[in-house]
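Down below is the structure, laid out as structure tokens.
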Amino acid sequence: MDTIGCSNECKLLYSTFNMKSEDYNHLLIKFLSDNDSVISFTIADNQNIIIDNYPLTKLIYVYKGAVKIDTSGSQIDLSKDINQIHLNQGNLIFINAHSRTKIDISTNDTVLFVFHLKKPFFSVEFMDKLLEYNVFYNFINYCKMGKNSFHAHIVYDCNNFIVRQKLFILMKLISQKEFQFIKSSLLEIFDYLQN
């Protein structure tokens with residue numbers, strides 16, 4: 001795929017920030033074995049079906065195209081479409097860490113930003129700041145406690161420049177390991193979505 005970069009409106013801010021899609025599973029395994037990292041992102045565009053069985057909270061943004069996402073608490077049956085959520089460009093979904101997730105890319109031009117968050121990301125200090133955003137606080141608390149509602153998720157329709165810009169900022173901070181700013185950046189996204 002071509003290099004992903006910000007649209008023309010934000011070239012001045014991110015003129016040196018370009019990313020390419022990489023192998024989803026390879027990056028995820030690398031992230032899981034890295035004890036210093038608590039958040040990662042992957043740009044996915046080159047696989048038809050992605051199976052993600054890892055106990056990580058997921059934030060998926062459909063940058064382009066469309067996907068079908070199926071979440072389940074047990075083995076995912078690839079032949080059935082029981083719990084599918086259809087997402088289009090600009091849709092964003094948070095998925096419970098206890099879900100097994102099947103991502104079925106629907107169109108050839110689909111590009112996804114997939115963020116994975118380990119449980120330690122949600123420190124006491126972060127959760128205290130998150131109290132201001134009830135929906136996210138309750139959802140993440142639910143995920144942290146290991147509740148068995150495997151289908152728990154939150155979906156937003158946010159096909160606009162502001163959300164994309166905030167996600168690009170978050171990706172840049174993660175890629176540059178600017179850990180002191182990453183949580184603030186995610187809180188800005190929560191703030192925008194809640195309001």
Legend entry - Unmet requirement for Val114, which otherwise passes all of (1) more than 19 Å from Tyr24 (Cβ to Cβ); (2) within 15 Å of the chain's Cα centre (by Cα); (3) assigned to a strand (DSSP E or B): (1)
Legend entry - Inter-residue pairs, beta-carbon under 7 Å, first within 18 Å of Gly65 (Cα to Cα) and in region 159-174, second outside any helix (DSSP H, G or I) and open to solvent by 50 Å² or more (accessible area, probe 1.4 Å), 6+ apart: Asn159/Gln89
Inset, instruction - Consider Val155 carefully, then state whether it is closer than 26 Å to Ala66 by Cα and β-branched (Val, Ile, Thr). - result: yes
Inset, instruction - Go through region 136-150 and give me each residue that's closer than 14 Å to Thr57 by Cβ and either open to solvent by less than 70 Å² (accessible area, probe 1.4 Å) or touching a residue at least 24 places away in the same chain (Cβ under 8 Å) (or both). - result: Phe136, Tyr137, Phe139, Ile140, Asn141, Tyr142, Cys143, Lys144, Gly146, Lys147, Ser149, Phe150
Legend entry - Filtered residues of region 172-195 (kept if closer than 19 Å to Ile93 by Cα and in a loop (DSSP other than H, G, I, E, B)): Asn195
Legend entry - Enumerated strands (runs of 3 or more DSSP E) restricted to region 3-97, each holding at least 3 residues that are modelled with pLDDT of 85 or more: 39-44, 57-64, 66-72, 84-88, 91-95
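The values are calculated or read from the model by the stated rules, or taken from the named source; none is laboratory data. Everything numeric here is computed off the predicted structure, so don't read it as measured data. Glycine also receives a Cβ, built like all others from the backbone with ideal geometry; neighbour counts cover every protein chain displayed. Surface accessibility is based on the protein's heavy atoms, side chains included, excluding ligands, DNA and RNA. Shrake-Rupley method; radii C 1.70, N 1.55, O 1.52, S 1.80 Å.
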